[in-house]
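Report on the following structure.
Derivation of every value follows stated rules applied to the coordinates shown; laboratory data play no part. Given the structure is predicted, the values throughout are model-derived calculations rather than measurements. Cβ sites come from the backbone with ideal geometry, for glycine too, and all protein chains shown count toward neighbours.
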Amino acid sequence: MLIANPQGHYHFLKGIDPYSCGVVADPGYEIVFVTLRTPTSWKEGFQLIDRHLAQVECERTALCSIQLRCPAPYPMQGFIDFNETYCRVLKEWGLYLDDLNPLARTNVSPAYAPPTEPQMHAFGYIVKAETPEVRPSLVIAGAGELRDGVLDDAGIIKLGDTSPEGMRAKADYVMKVMETRLDGLGARWDLLNVINVYTVYPIDGFHEDIILNRLGPARRMGIHLHDTRPPVQGIDFEMDMRGVNQELVL
């Protein structure tokens, strides 16, 4: 169910404490997605976001999505512990809505040149659209092959199985999550401009039928394949998606 965030001018899909499942801008508003040219520590990243929002005359409540990069996949408890620290910042900023975290998030671990500490990679925020007929914009949070998003190793699909068959099953599950979230946001495939896949394992044996053939008109955008691990040990395949009209590099 979509939940309104009136102060932020967007709706979100309820997720778990560290993140929502996705966000969509309200009519008359749109998401600006910003990627940092040089990533910075995640705490300094929030200071950077604060300065940027002030420069564009937006309140903190305009912040709607975060992308992080971590040094290595966490053990499950380590991931939970980091999330508690991360969520504390969101609460200090007054971003929670009735004890719910409305921000979408992706947090993954690059296989190439991983950071030495958790880093801020990108963020999205809401602005008033210049024209009333602006296309809807949305960000779907990262999801791996973890049943129902419950932070428990027992929920990992095909745990430890990185065979072609195992990876196919993992990818199929994650694609179903993407489809469900897109539908939950009331959005359409033709609104998407970026579809990210995060894994260090080959996908050439299934990417056509499991991913590309299910993208509808978004297939013309292709997929961005990152040599990157999901943030939790034992999870091997992750995706996120977005459809925005404004992309910036800061």
Exercise. What residues have an amide H closer than 5 Å to that of residue 111, excluding those fewer than 5 places away on the same chain, when H is modeled at 1.01 Å from N in the peptide plane?
Worked result: 228, 229
Exercise. Label 7 Å along Cα→Cβ of residue 88; the stretch 228-249 residues with amide nitrogen under 20 Å?
Worked result: none
Exercise. Is it possible to state the helix-based mean residue ellipticity at 222 nm for the chain, with each DSSP H run of 4+ residues giving -39500 (n - 2.57), the sum divided by total residues, to the nearest 500 deg cm²/dmol? What is it?
Worked result: -7000 deg cm²/dmol
For this session: Can you tell me the FRET efficiency between residue 249 and residue 154 if r is taken as the Cβ-Cβ distance and R0 is 30 Å, rounded to the nearest 0.05?
Result: 0.15
Seminar exercise, completed: Largest fluctuation, 12, 33, 82 only, Gaussian network model of the chain with Cα springs under 10 angstrom, belongs to 82
Exercise. How big is the gap, in Å, between the Cα center of the stretch 120-191 and the Cα center of the stretch 76-98?
Worked result: 20
For this session: Would you please give the residues with an amide H less than 5 Å from that of residue 233, counting only those at least 5 places away or on a separate chain, with H modeled from the backbone geometry?
Result: 74, 76
Seminar exercise, completed: A correct Karplus calculation of ³J(HN,Hα) over the stretch 161-178, with 6.51 cos²θ - 1.76 cosθ + 1.60, θ = phi - 60°, whole Hz and x for Gly and Pro, returns 9, 10, 5, x, 5, x, 5, 4, 5, 5, 5, 4, 4, 5, 4, 5, 5, 4
Exercise. Which listed residue (215, 136, 72) has the Cα farthest towards the positive end of the charge dipole for the chain, taking +1 on Lys and Arg C-beta and -1 on Asp and Glu C-beta about the Cα centre?
Worked result: 136
Problem set entry | Sorted by Cβ density within 10 Å, fewest first, the residues 80, 126, 31 | 80, 126, 31
Exercise. Which ³J(HN,Hα) values, rounded to whole Hz and listed in residue order, are derived for the stretch 211-223 from phi using the Karplus coefficients 6.51, -1.76 and 1.60 in 6.51 cos²θ - 1.76 cosθ + 1.60 with θ = phi - 60°, glycine and proline given as x?
Worked result: 10, 4, 5, 9, 8, x, x, 6, 4, 5, 7, x, 10
Exercise. Magnitude of the Cβ-charge dipole of the chain, K/R +1 and D/E -1, about the Cα centre, nearest 20 debye?
Worked result: 320
Problem set entry | Extension gain, residue 48 back to residue 111 (0.36 nm per residue minus Cα-Cα distance, nm) | 20.1 nm
For this session: Return the distance in nm (one decimal) between the two label points of a simple spin-label model at residue 220 and residue 128, each offset 7 Å from Cα along Cα→Cβ.
Result: 3.3
Exercise. Using 0.36 nm per residue, how much length does the chain from residue 200 to residue 17 gain when fully extended, once their Cα-Cα distance is taken away?
Worked result: 63.2 nm
Exercise. Which net charge results when you count Lys and Arg as +1 and Asp and Glu as -1 among the other residues whose beta-carbon is under 13 Å from that of residue 47?
Worked result: 0
Exercise. If you average 1/r over all unlike Cα pairs in the stretch 2-249 and invert the result, what Kirkwood radius do you get in angstrom?
Worked result: 18.1
For this session: Pull up all non-local amide H partners of residue 151: gap of 5 or more, or a different chain, and H-to-H distance under 5 Å with H placed in the peptide plane.
Result: none
Seminar exercise, completed: Kirkwood Rh for the stretch 126-189 from C-alpha pairs, in Å, is 14.0
